[in-house]
Structures are given as C-alpha cells and as structure tokens.
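K.L.:
The structure under discussion is supplied below as structure tokens; questions concerning it will follow.
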Ligand code: FES
C-alpha cells in the first residue's frame, strides 16, 4: 500500500462543510454535481473518498457515476495535492525550448516525480500539454500564475519562496 492510499483512508471530512456545499450552496440539486465536486476539491485540494460517498448518498447519484466524472475531467484529483501546484508545459513548443529541464530540476530538488506530490505535501508537480502561450515558450504555471519564457531560475525563485514561508 502506498503512502497516498494511507492518507486517503485517514482523511477526515467535515460533514457540516459538505452539507453547506451540497445543500446550502447548490440546493441539493444533482444537476449541480460537478460544481459541488469542484467546491469539495477547492476545500480539500482533492476529492476525498468519504466526501464522494456522502455526496452520492445525499444527492442520490451512484458512487460509480461520481467516480466516472472525477476520472473524466483532468482538473479533478483523487489523490491529495500539495499546498502549491507547479505545472510545467511539455507541449511541443515548450519541450523544444527545454521545459523538460525544469521538470528534471524540480524533481531533483524536491526528490519527487512528475505528477506526484512532495513528501512534505508542499508541492505538486504536473506536466501539462500546451497551455496556449506557445509564443512565449517555455511556460510554467505556478499557483495559477503564468510565467512566460521561464527557466530554472524562475522555478528556483518560486521554490525558494516556498521554503521561506
Ligand atoms: S506548447 Fe507550451 S504553451 Fe504551447
């Protein structure tokens, strides 16, 4: 069993918070299921299994259907994510401009793999396809902020900032 699975099983969800999301914010309307899932993910930075089970029971949608949606959309995560998210574009233009070097550098510096979260839960590193800014490749998106013509120095400044927090 991996560490992530252990975390998934141990996470405690706040059922009052879930009630607020499901019933107060969206009136328990199953049509709003995706928005409820987005709100849950916003609060936990991923979709904890107990929260999805509760959502399923409360709005009367089978859990398998909820998991189908959760795995269909790349923006949903079933694994805990770090406090900060770094997305390195590895689309063609960015790859040709050396974005893979930034991926390697982050992995080395944080002892992690692409698509994973660092052990201290501070950082999740994702590789993404074209983010639509090829003219300023390579592009990195860190905590939803775009960094055009990024390089290892750009990444290091961001990572140094995290360590100083
Ligand atoms: S390939 Fe990176 S922005 Fe298009």
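K.L.:
Using the alpha carbons of the chain, what is the convex hull volume per residue in cubic angstrom, as a whole number? Could you put the intermediate results ahead of the total?
P.N.:
Working: hull volume 21.6 nm³, N = 165.
Looking at the chain, the number lands at 131 Å³ per residue.
K.L.:
Report the relative contact order of the chain, percent, no decimals, based on alpha-carbon pairs under 8 angstrom and at least 6 residues apart.
P.N.:
18
K.L.:
If you build a Gaussian network model of the chain, linking Cα atoms that sit under 10 Å apart, which residue out of 48, 148, 138 swings the most?
P.N.:
Of 48, 148, 138, the most mobile in the Gaussian network model is 148.
K.L.:
Could you work out how far apart the two model spin labels at residue 144 and residue 19 are, taking each label as a point 7 Å from the Cα in the direction of the beta carbon, and quote it in nm?
P.N.:
Spacing of the two 7 Å Cα→Cβ label points: 2.8 nm.
K.L.:
Counting DSSP beta bridges in the chain, what percent are antiparallel, to the nearest 5? All intermediate terms of the calculation are to be shown ahead of the outcome.
P.N.:
Numbers: 7 of 13 bridges.
Given both bridge residues lie in the chain, the antiparallel proportion sits at roughly 55 percent.
K.L.:
For the stretch 84-164, compute Rh as the Kirkwood radius over C-alpha pairs and then the Stokes-Einstein diffusion coefficient at 20 °C and 1.002 mPa s; write the answer in µm²/s, rounded to an integer. Provide the component values of the computation, followed by the final result.
P.N.:
Numbers: Rh = 12.2 Å.
Calculated translational D: 175 µm²/s.
K.L.:
Right, next: Where does the chain land at 222 nm, in deg cm²/dmol rounded to the nearest 500, when only DSSP H runs of n ≥ 4 count, each adding -39500 (n - 2.57), divided by all residues? Walk me through the numbers before you get to the answer.
P.N.:
Numbers: 8 runs with 76 residues, N = 165.
Value at 222 nm, helices only, nearest 500: -13500 deg cm²/dmol.
K.L.:
What's the extension gain from residue 78 to residue 64 if we count 0.36 nm per residue and subtract their Cα-Cα distance?
P.N.:
Extending this stretch completely gives an extra 3.7 nm.
K.L.:
Normalised by the empirical 2.2 N^0.38 Å for globular proteins, what value does the Cα Rg of the stretch 3-72 take?
P.N.:
For the stretch 3-72, the normalised Cα radius of gyration is 1.03.
K.L.:
Quick one: work out the % antiparallel among DSSP beta bridges in the stretch 84-164, nearest 5. Write down the numbers at each step before the final one.
P.N.:
On the way: 7 of 13 bridges.
So the antiparallel bridges amount to about 55 percent of the total.
K.L.:
If each residue's Cβ is checked for other Cβ atoms within 10 Å, how do 126, 79, 157 rank with the fewest at the top? Walk me through the numbers on the way to the answer.
P.N.:
Working: 126 19, 79 16, 157 11.
The order, fewest Cβ neighbours first, is 157, 79, 126.
Every number here is computed from the coordinates shown, using simple stated rules; none is lab data. None of these values were measured; they are calculated from a predicted model. Please note: Cβ atoms are built from the backbone with ideal geometry, for glycine as well, and neighbour counts cover all protein chains shown.
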